[in-house]
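Undergrad: For reference, the structure I am asking about is given below.
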Amino acid sequence: MEKNKAIIFSGPSGSGKTTLVRFLLKTYPERITFSVSATTRPPRGEEKNGVDYYFISEDEFKSKIETNDFLEWEEVYKGRFYGTLKTEAKRIWDSGKIILFDIDVEGGLNLKKQLKLNALSVFVMPPSIKILEERLRSRNTDSEESVSRRIEKAEKELKTASLFDKFIINENLEKALAEADKLFSEFLLI
Ligand code: 5GP
């Protein structure tokens, strides 16, 4: 039985952290569960409510802030709120599993501060800003304005990589997956 443990994957949007997170979830379904965040942004592509995010209105989000329902929340982009509900974390820990967070950099640092040694924080780094920009464009899910906003944010985020417990440079996907696997396996032993 795991005691309120968590592994936090953070990094710029387009760094590939979601791919690493999905891989770990598929490899260790009995040990880890994905923390579904609440957000006020609309669903993208095939995203499903309750699976990828809890898609809620800004009014609902703000009322949950008032009632202190979030473990952590943030206005990641202007007018776009994201947060982890305490009920979501409790649900996972009560089931005896480790929580896997896919969360933005500030949120990741915030969670690490709260969970301390019970959490392993991992920063996923793109090989360069240029490659990050190419990835975001080829994803074809963001407007030009949204890509620019994400790049601007990424430049700031890269400066905080050293505040994380570990980092993975996601240049070669196979290598990055192997590193994620190794970090997770080591964390299991703690
Ligand atoms: P996207 O809109 O691309 O799904 O997510 C934008 C950013 O918000 C990503 O970096 C994602 O990891 C982050 N994010 C997702 N859920 C949360 C959360 O609960 N809290 C915070 N702070 N960031 C989150």
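Undergrad: Which of the helices (runs of 4 or more DSSP H) contained wholly in the stretch 91-161 include at least 2 residues that are within 13 Å of the chain's Cα centre (by Cα) and of a type in the set (Gly, Ala, Ser)?
TA: In the stretch 91-161, 105-115 are the helices (runs of 4 or more DSSP H) which contain 2 or more residues that are within 13 Å of the chain's Cα centre (by Cα) and of a type in the set (Gly, Ala, Ser).
Undergrad: Scan the stretch 171-190 and give yes if some residue there is on the phi < 0 side of the Ramachandran plot, open to solvent by less than 50 Å² (accessible area, probe 1.4 Å) and at pLDDT below 90, otherwise no.
TA: yes
Undergrad: Between residues in the stretch 29-49 that are aromatic (Phe, Trp, Tyr) and residues that are open to solvent by 40 Å² or more (accessible area, probe 1.4 Å) and not in a loop (DSSP other than H, G, I, E, B), which pairs lie under 8 Å by C-beta distance while being six or more apart or on different chains?
TA: 34/25
Undergrad: Considering only the stretch 34-74, how many residues are over 13 Å from the mean Cα position of the chain (by Cα), open to solvent by less than 40 Å² (accessible area, probe 1.4 Å) and under 20 Å from residue 98 (Cα atoms)?
TA: Total satisfying the criteria: 3.
Undergrad: Out of the residues in the stretch 75-106 that are in contact with a Phe, Trp or Tyr (Cβ under 6 Å, 6 or more places away or on another chain) and among the acidic types (Asp, Glu), which is most open to solvent (accessible area, probe 1.4 Å)?
TA: Across the stretch 75-106, the extreme among qualifying residues is 75.
Undergrad: Restrict the check to the stretch 48-71 and report whether at least one residue is assigned to a strand (DSSP E or B), within 12 Å of the ligand (Cβ to nearest atom) and at pLDDT below 95.
TA: Yes, the stretch 48-71 contains a residue that is assigned to a strand (DSSP E or B), within 12 Å of the ligand (Cβ to nearest atom) and at pLDDT below 95.
Undergrad: Picking from 172, 118, 140, which residue would you name as being in contact (Cβ under 8 Å) with a residue 24 or more places away in the chain and either touching a helix residue (DSSP H, G or I) at 6+ places or on another chain (Cβ under 6 Å) or not hydrophobic (A, V, I, L, M, F, W, C) (or both)?
TA: Values: 172 fails: in contact (Cβ under 8 Å) with a residue 24 or more places away in the chain; 140 fails: in contact (Cβ under 8 Å) with a residue 24 or more places away in the chain.
Only one candidate qualifies: 118.
Undergrad: With 129, 99, 103 as the choices, which residue is among the aliphatic types (A, V, I, L, M), over 22 Å from residue 34 (Cα atoms) and modelled with pLDDT of 90 or more?
TA: Answer to the selection: 129.
Undergrad: Could you check the stretch 1-22 and list, in sequence order, the residues that are buried (at least 16 other Cβ atoms within 10 Å of the Cβ), more than 8 Å from the chain's Cα centre (by Cα) and part of a loop (DSSP other than H, G, I, E, B)?
TA: Residues satisfying the conditions are 2, 5, 12, 13, 14, 15, 16.
Undergrad: Among the listed residues 18, 39, which satisfies the condition of being within 12 Å of the ligand (Cβ to nearest atom), at pLDDT below 95 and touching a strand residue (DSSP E or B) at 6+ places or on another chain (Cβ under 7 Å)?
TA: 18
Undergrad: Any residue at all in the stretch 117-135 that is loosely packed, with under 12 Cβ neighbours inside 10 Å and of a type in the set (A, V, I, L, M)?
TA: For the stretch 117-135, residues loosely packed, with under 12 Cβ neighbours inside 10 Å and of a type in the set (A, V, I, L, M): present.
The values are calculated or read from the model by the stated rules, or taken from the named source; none is laboratory data. The shown structure was predicted, so the numbers you read here are calculated from the model rather than taken from an experiment. Counting neighbours? That spans all protein chains shown, and the Cβs are built from the backbone with ideal geometry, glycine included. With ligands, DNA and RNA removed, areas are computed over all heavy atoms of the protein, side chains included. Shrake-Rupley method; radii C 1.70, N 1.55, O 1.52, S 1.80 Å.
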